[in-house]
Amino acid sequence: LDDLRLGNGLRIIVDHRSAGGAVAVALVVGVGFRSETAFSSGLAHLCEHLSCGSDLGTQILAHGGFTNAVTYSDCTVFYSVGLADDLSLHIAHHQARFHEPTITPEIVAHEIEVVTAEVDAAVNGPGMGAFPWFWLPAATWDDHHLGHNGYGDTQSLRSMSMDVISGFWREKYTPSNCLLVVSGDVVPSEVLSLIGVPVTGPGGMPSAQCRPVAPVRQSPTLVRNAPPGIHASAVVWQAPDPADTRRFAATIVLAELMANPDGGILDQAVPHGREVGSYVGIFGNPFDVGSPVPWVAEASFGDPSGADSFRQHAVKCLVGVACGGTVQDADLLRVVDQLRLSALRSEDNLLTHALTLGTRTMLHHPESGPPPLDLMLSAVTMRDVRDAATFLLSQPEVVMSYGPAE
Amino acid sequence: MKSLPRFASLPVHVDNAGPGRVISIAKRGEVPLLEYRARYAVRPEVPALPLSAIIRDRFVDALGRAGVGAHIVEAVPTFGSVRVSASCHAVHMNKLLACVPGILARPLTGDELQSADFIFTEHMSDLARDEQSRLSADLYHLAGWGIGSGLRIASGLESWAGLPPSRFLASPQAVTVVAPTYAELEADLPAHLADTDDWLPIPVLKMTPAEQVDCGPAASVSLGWVGPAWDEHDFPAFYMAGRLLGGMHDSILMTELRRREGWSYSPWSAVRLRPHSTLLEVQARVGHLHVQRARQIIINAVCDMASTEPGALRTAYAASLGQVIIGMSSQAGLAGTVNHYDFLGIGLPGLDEIFAAASRVTPGDLGKAADRYLRADQAIGPHHPS
């Protein structure tokens, strides 16, 4: 990898690899839901929408490529994939993010309508899929910046002045707050030539930008209203800091051991026919959120009493793992191999690879870049898994029940 | 205009294992991943869907016994054939390839048939709830593309229950392996292709006119036109018509139904290929009030291909070519694409020829293809809410 810092502060990683004439580009901006104050909820997502209106994106689509963007808790990612012949188009497309978009009341009002439709379809509607991932941060942390609704409130968004929106954008969308990943059939000199800003040194940040670890909420079961027909429970612990690579990898393996299609520990513990899941990260992806990262066990059932029963199952399973004996060597090998294969397939996909490389570097390993996930996982031992379970149990857990309103 | 592609120059070694059977080996990249793809032709009287479940179970069982630690195996029924995808860490490459020949070499057991029956029923239940898949399945059935996906016949299970187990054996038509550059094959892959007849049927086209059928609260328009085979003169123009109609972000359907009328979020069309036949499939979800007018807009657009601007043709060509190249950027994508075109009998050289011909298609060619294959009275379609 070529990991460089440019004169305008932009960090750039060029990852040359054989890709059959294709290229993927990911621009990771250091702004997300957790960058917002009580008075700016929803601004990170709104700014993502405001920064997407480029004619160059249309040209990428017209050449068979694809481009889109997503706002996570701690970063916003703009990405594209297309022909390596179109590299200049992709670079220009992403460099355009550094030009302040036109922010007028009409444009903002239109984008708020689009955001509202998106939230209705993807969050409030059936697309949410019965699991309460959207409410997990609010259930888990008292701190506003960690736990608030990142999509914001339509009314408060509408009441924001253009100056507030512009000010937020200007503060966050600076080259020095961004990382550009270019992956595929490209060479660094060509990429740098297209960007046209001189290199000033290596790309790594001088120190990790980890947020202070905030303890999870200590409260009784939190009940959220859900559309009719949807019942779910979640129990949340705080995962170890991702910078602690070995322990973090062990918690990923532990989550897979708890729930997987071949008969996880939690699958076997709950009543037959009840669907359960277990994962690291707010959206089920351990690499789209910085520390603090939640470790989640969830179930497709649970009024408040059912949720507490599920909590007892989850705690009992973790205690079993921590004490040894629940997990056999063969189970660990199988799960680690499955996760490694999944990591390799993700690495094989050019766009997924660029996205993961960018977010992991920005959020977890700003100094030297992330170690290969395949190797991280293969180093996990039975002792690491037991330690991971012990680590989770040493903290208070949060219980959430998600069901129809009374 | 993009320069013409040269897919034939990709580092893919092709070995013809016999009439209609192809084996491809490609080595690319350093990701330690093995991607295996195979297409099995299925006898026309056999529903491919339950057979795919049996093939998958046998693969998983064989890989487990061979000590291939982690693997992903999928078997998907497609138009009277079964497409198998298997992935594993590259260190297991030779173990995986060694166990492949025995997978379909023995007759089906009663337990397998019973298990497949359960899976088949569940699949059909899912299909019945998924309106777009159901419409596609019925469209393929109307197009004479076998009963493997056709809901109406397949859901009856009569043909399934009455067949002797020996009839369920499938014939491998194409096998593709993509491995990292450093991997070394210990076996000759052509030995893995079974020595059986080519069962893939040439479909008998049943030109059933579009029906008017209620289909519940979610209204969809589904239409199809049977087209020329890929090696016929009109195919490039027919293919480009499909791309222009609904195969890209600023297609005719997106312009007419989404931007102009605001009736449908993502109308689309695709040209489906089989070895001896092609089908232009069109779908659009619209409100009940707009179904008839949306259907007429689609038919008008299809029949009006001759008025296409040359600039739109160039854009459609570039988008189409780009999608294929980008799709082959991963080892998995390369394996899937090579296997698909080998199975169809096109191969990578044939793909070059198709794109070369597509780059020369004119509005006049589109008009001729539309006159021959895309007339309003040639439309087939299973469901149209009244």
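Under the simplified labelling scheme, the A:GLU171-A:THR104 pair shows an inter-label distance of 2.7 nm, with each label point 7 Å from Cα along Cα→Cβ. Full extension of the chain between A:ASN149 and A:ASP303 yields a length gain of 53.2 nm, computed as 0.36 nm times the residue separation minus the alpha carbon distance. Relative to the Cα centre, the charge distribution of region A:295-406, modelled as +1 at Lys and Arg Cβ and -1 at Asp and Glu Cβ, gives a dipole magnitude of about 180 debye. Between A:VAL319 and A:SER378, the C-beta separation translates, for a Förster distance of 22 Å, into a calculated FRET efficiency of about 0.25.
Of the whole protein surface, A:ARG11 contributes about 0 Å² of accessible area at a 1.4 Å probe radius. Across A:VAL385, A:VAL315, A:VAL23, mean-square fluctuation computed from a Gaussian network of chain A (C-alpha pairs under 10 Å connected) peaks at A:VAL315. A Förster distance of 45 Å, applied to the separation of the beta-carbon atoms of B:THR362 and A:SER88, puts the FRET efficiency at 0.90. Label-to-label distance for B:SER115 and A:SER346 is 3.0 nm, based on points extended 7 Å past Cα in the beta-carbon direction. Protein-only accessible surface at a 1.4 angstrom probe places the residues A:ARG311, B:ARG274 in the order A:ARG311, B:ARG274, largest first. In terms of accessible area, using a 1.4 Å probe and ignoring ligands and nucleic acids, B:GLU184, A:GLU190 rank largest first as B:GLU184, A:GLU190.
When chain A is treated as a GNM with alpha-carbon contacts under 10 Å, the residue of A:VAL187, A:VAL380, A:VAL29 showing the greatest mean-square fluctuation is A:VAL187. Per-residue shielding of A:336-343, expressed as the average number of other chain Cβ atoms within 10 Å of the residue Cβ, stands at 4.
Counting Lys and Arg as +1 and Asp and Glu as -1 over every other residue whose Cβ lies under 13 Å from the Cβ of A:LEU56, the net charge comes to -1. Using the Cβ-Cβ distance between B:HIS13 and A:THR200 with R0 set to 41 Å, the FRET efficiency from 1/(1 + (r/R0)^6) comes to roughly 0.35.
Taking a ≥ b ≥ c as the square roots of the eigenvalues of the Cα gyration tensor, region B:255-342 is classed as prolate, since a/c reaches at least 1.5 and a/b is larger than b/c. Note on chain A: GNM, Cα springs under 10 Å; of A:SER161, A:SER51, A:SER300, the largest mean-square fluctuation is that of A:SER161.
Restricting to DSSP H runs of at least four residues, report the calculated mean residue ellipticity at 222 nm for chain A, -39500 (n - 2.57) per run over all residues, nearest 500 deg cm²/dmol. Let's see the in-between values first.
Details: 16 runs with 164 residues, N = 406.
Rounded to the nearest 500, the figure is -12000 deg cm²/dmol.
Accessible area ranking (1.4 Å probe, heavy atoms, ligands and nucleic acids excluded), largest first, for A:HIS94, A:HIS49, B:HIS123: B:HIS123, A:HIS49, A:HIS94. For region A:309-357, a crude dipole built from +1 on the beta carbon of Lys and Arg and -1 on the beta carbon of Asp and Glu, taken about the Cα centre, is about 260 debye to the nearest 20. Annotation: amide H of B:GLY29 within the under-5 Å range of B:THR181, sequence separation 5 or more or interchain, hydrogens built in the peptide plane. Accessible area of B:ASP304 (1.4 Å probe, protein heavy atoms only, ligands and nucleic acids ignored): about 90 Å². Computed 3J(HN,Hα) for region A:66-81, one whole-Hz value per residue from the Karplus formula 6.51 cos²θ - 1.76 cosθ + 1.60 where θ = phi - 60°, is 8, 8, 6, 8, 8, 9, 10, 5, 10, 7, 10, 10, 9, 9, 8, 9, glycine and proline marked x. Taking a point 7 Å out from the Cα of A:THR58 in the direction of its Cβ, the residues of region B:254-271 whose backbone N falls within less than 13 Å of it are B:255. Summarised as an ellipsoid, region A:9-125 has semi-axes of 27, 16, 14 Å, derived from the eigenvalues of the Cα gyration tensor scaled by 5 and square-rooted, with the largest first. For the pair B:ARG259 and B:GLU122 in one chain, pulling the backbone fully straight at 0.36 nm per residue adds 45.5 nm over the alpha carbon distance. Taking every protein chain into account, the 1.4 Å probe leaves A:LEU373 with about 40 Å² of accessible area, to the nearest ten. Between B:GLU186 and B:GLN292, the distance separating the two model label sites (each 7 Å from Cα on the Cα→Cβ line) works out to 6.9 nm. Using C-alpha pairs below 8 Å separated by at least 6 residues, the relative contact order for chain A is 24 percent.
The values are calculated or read from the model by the stated rules, or taken from the named source; none is laboratory data. Quick caveat: nothing in here was measured; it's all calculated off a predicted structure. Heads up, the Cβs are rebuilt from the backbone with ideal geometry, glycines too, and the neighbour counts pull from every protein chain shown. SASA here: full protein model, heavy atoms, side chains in, ligands and nucleic acids out. Shrake-Rupley method; radii C 1.70, N 1.55, O 1.52, S 1.80 Å.
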